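The values are calculated or read from the model by the stated rules, or taken from the named source; none is laboratory data. Predicted model only: the values in this text are computed from it and were never measured. Here the Cβ positions follow ideal geometry from the backbone for every residue, glycine too, while neighbour counts run over all protein chains shown. Surface accessibility is based on the protein's heavy atoms, side chains included, excluding ligands, DNA and RNA. Shrake-Rupley method; radii C 1.70, N 1.55, O 1.52, S 1.80 Å.
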Amino acid sequence: MSANTASTNKTLALLDTLKTEMPGIWNEAQIVGKWVWLEFNIPPEREIRSRLKELGFHWNGPRKCWQHPCGVSRPRLKGDPRSYYEVKPASEMAL
């Protein structure tokens, strides 16, 4: 299995977990490259933040979003990754 296939599988597995356990949040998820991003208009409740941390998400203060790398390690980019990578809603990913 290639590294690209493995990271895609990790992204899909995470999205499946979000869809099953946190369907309201899954509807807000975006895929940026292979990473999963969650942006909220208001800070989520403590329980939601705790569960996101358990799932491996981290808060990115400068970008104001929760991010999960899904096993993909990339060097830090200058600028917004959304200008480098395809962005699509989680609902468009085949689960």
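Got at least one residue in region 64-82 being part of a loop (DSSP other than H, G, I, E, B), among the hydrophobic types (A, V, I, L, M, F, W, C) and open to solvent by less than 50 Å² (accessible area, probe 1.4 Å)? Spell out the reasoning first.
Of region 64-82, the ones part of a loop (DSSP other than H, G, I, E, B) are 64, 69-80.
Pick out the ones that are also among the hydrophobic types (A, V, I, L, M, F, W, C) and you get 70, 72, 77.
Narrowing further to those that are open to solvent by less than 50 Å² (accessible area, probe 1.4 Å): 70, 72.
Yes, that holds for at least one residue.
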Residues of region 40-63 satisfying the condition of being more than 16 Å from L14 (Cβ to Cβ) and open to solvent by 50 Å² or more (accessible area, probe 1.4 Å): F40, N41, I42, P43, E45, R46, E47, R49, S50, W59, P62, R63
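Out of curiosity, is W26 buried (at least 18 other Cβ atoms within 10 Å of the Cβ), modelled with pLDDT under 90 and at negative phi?
Numbers: buried (at least 18 other Cβ atoms within 10 Å of the Cβ): yes; modelled with pLDDT under 90: yes; at negative phi: yes.
Here the answer is yes, as W26 does meet what is asked.
Check every one of the helices (runs of 4 or more DSSP H) wholly within region 1-54 and list those with 2 or more residues that are under 17 Å from E86 (Cβ atoms). Lay out the reasoning, then the answer.
Numbers: elements: 3-21, 23-26, 46-54.
It comes to 3-21.
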